[in-house]
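Notes for the one structure printed next.
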């Protein structure tokens, strides 16, 4: 076996190009590959080096008609491909054009591109990237998992890793070795259009699940033909725009950045993530692509990140066009490269040609140093070697017999089943009997698109013609499980001039008349799939037409099961009291409807827990880790202001659990100590189930106003009826500190507490 550790002198050389000191680094290559990279760099022309930093969209090399529209079926224009690879030396391609492809189509596209690349003057394969964010989203018949917000609701790191592993396998089957995922932005702006792509509002939950997704994508220490390179998005602060609108400015104090936004990225970098995509917006007036402190000093310096960074769509250009921090495109290119961006997603033709020409000029003029360019190219080549693209530039379908297999679909089903969250179950109305007569109604009741969300077969995910038709909708799944089931629209959702509208449906009146004939009304509400700018909305209110379905049916006496199919929490405070049961599905994927039906009819005992605080009102968005000062009601002066619809970490089961005997091993600890916490959990109900045991910590008094609690550990356990398990956690005392006024992590002596369910154990830190 070849030595996988670099000598110290090589480590010093590895980081000297970007002016950083050797320290912890995300991954290392064998000596032989680093020597190959040095040799390749020495043999490359300036133009060839620049080309490696350029990424184009597939559209730029496809055949088009005289009106510049893509010709169907999509075919590569060999002249455009030759120009991109041999004249401009392009090093990367991304995206799918308009819609999903078959696996065979993907194989052909990637093979054609790679054959051109390896025959070029450099012989360097391209690296192809795609947004396979909840399964292999752009391959027909592929396995589709819940979106990240749903996966987070499982609170199960093993499922996160399995999602990553299967997604990697099926994506690599297409020939694509690079996945723009996971999203590690913290979900603290529910109005933000990409909230569903996050792992929720909590830092610890996001970083633990995110690092496991990365592990699943990359396969650990070595990356074989069954795995892909992960790409962490969107470094950093992208998910916290001040207004909630996509790609708009964020205001994030440094202490908040250190405590909330950076840790998920740091965790996955230390876990070996190969690439990072940059925040399209700006933080405190500095665009993500111009922030040298975050890109070079922190990411590459302090964290020792050895892979490469890539811009988001047209973001070099947008430094000039949108952020207006640079007066010319040429200046913008220099700013981004010098800040530490290694690859530019300058996707279109002829823009990519302009980028290549201008960067060549910038290096010749000395505005961008050749050392900085070499550093960028070295990082890109390092990832290509790590993916073994020089030996395996493309793959073939025959080598992936498990693509879209029953085993893979079953994992997606389990992920959906363990994420779907039971929020209300008045008088134990659920589970229902399969002999029940069921009315299924609502605009999301018969739509696979709504179950999957955006980034599914198409960018916005709204075109039904590419769906995996073997997968059932909610209506179809319930119909397959119940004695009698009928579908009513109730209302319908449409996009008109770029905005989503809900329209009343004539059959609502008929549904009200017929309600007496049913045991249950399963009311399916939510929103149309959308992401990025098309997903910007003005408030979180659920459409009044959808609320009217619940209000009208509530007058009939039929038992109402309110099913939420949504990427962000829509306000349901007016109709929640009218529902007998409430089930949050999030965006559960192709297998979500089957999992939901099995929960409704008791085949599956629900175990999902909310990964965010579900707001009661649009105007008051508070998180579980709030402070004492946020609780005071200005009208009553009582500490009763925090009244969400449902709390973070909340979720019901068909059984009940009793918590007891919360204990810690000592009453006092020093900073170097490790604290052991134990608690007994007993299933006191009549059904087997899974419970997420959540451990929270509190620093009672601190020089920086402390939060009332924060999640520090969790563990999902399975319990049979009557079974008791002792759950043990270990937490370092140093971990319970905070960033002080000088943004330095410190621990202060004083009283601390751990909380599990309603139990508390206190201790002092010396």
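Rule-based calculations on the coordinates, nothing more; no lab input. In this text, all values refer to a predicted model and were calculated from it rather than measured experimentally. Every residue, glycine among them, receives a Cβ derived from its backbone with ideal geometry; neighbour counts consider all protein chains shown.
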Return the calculated 222 nm mean residue ellipticity for the chain, to the nearest 500 deg cm²/dmol, obtained by summing -39500 (n - 2.57) across DSSP H runs with n ≥ 4 and dividing by the residue count. -8000 deg cm²/dmol
Once both axes come from the Cα atoms, what is the angle between helix 203-218 and the longest principal axis of the chain, in degrees from 0 to 90, rounded to 10? 50
Using DSSP, restrict attention to beta bridges with both residues in the chain and report what percent are antiparallel, rounded to the nearest 5. 55
Over the stretch 592-674, what portion of Cα pair distances is larger than 17 Å, expressed as a whole percent? 69
Show me, bin by bin at 5 Å from 0, the whole-percent P(r) of the stretch 190-257 based on Cα pairs. 3, 14, 20, 22, 16, 11, 7, 5, 1
Gain upon complete extension [residue 97, residue 674; 0.36 nm per residue less C-alpha separation]: 202.5 nm
Could you please rank 130, 367, 679, placing first whichever residue has the fewest other Cβ atoms within 10 Å of its Cβ? 367, 679, 130
Restricting to Cα pairs below 8 Å that are 6+ residues apart, what does the relative contact order work out to for the chain? Please round to a whole percent. 13
What is the Å³ per residue value for the convex hull set by the Cα atoms of the stretch 50-399? 128
Expected sort for 637, 155 with the fewest Cβ neighbours (10 Å cutoff) up front is 637, 155
How would you rank 469, 676, 122, going from fewest to most other Cβ atoms within 10 Å of each one's own Cβ? 469, 676, 122
Roughly how many Å is it from the Cα centre of the stretch 631-650 to that of the stretch 523-542, as a whole number? 26
Roughly how far apart, in whole Å, are the Cα centres of the stretch 62-112 and the stretch 216-257? 28
In Å, what Kirkwood hydrodynamic radius results for the chain from the alpha-carbon pair distances? 27.2
By how many nm would the segment from residue 760 to residue 222 lengthen if fully extended, with 0.36 nm per residue of separation less the alpha-carbon distance? 189.3 nm
Computed Kirkwood radius, in angstrom, where 1/r is averaged over Cα pairs of the stretch 655-765: 15.0
Mind pulling up the Rg/Rh value for the stretch 160-300? Radius of gyration and Kirkwood radius, both on Cα. 0.98
Between the stretch 426-446 and the stretch 683-747, what is the C-alpha centre distance in whole Å? 35
Residue span residue 410 to residue 292: 0.36 nm per residue of separation minus Cα-Cα distance leaves a gain in nm of 38.0 nm
What distance in nm separates the two pseudo spin-label positions at residue 79 and residue 495, each 7 Å out from Cα along the beta-carbon direction? 3.3
Pairing the Cα long axis of helix 544-554 with the longest principal axis of the chain, what angle in degrees results, from 0 to 90 and rounded to the nearest 10? 30
Relative contact order of the stretch 472-579, pairs being alpha-carbon contacts under 8 Å that are 6 or more residues apart, as %: 26
Where only alpha carbons of the stretch 563-722 are counted, the Rg and the Dmax (Å): 18.7, 53
Return a whole-number percent for the relative contact order of the stretch 50-399, with Cα pairs under 8 Å and 6 or more residues apart as the contact set. 18
How big is D for the stretch 420-600, in µm² s⁻¹ as a whole number, if Stokes-Einstein is applied with the Kirkwood radius of its Cα pairs at 10 °C and 1.306 mPa s? 98
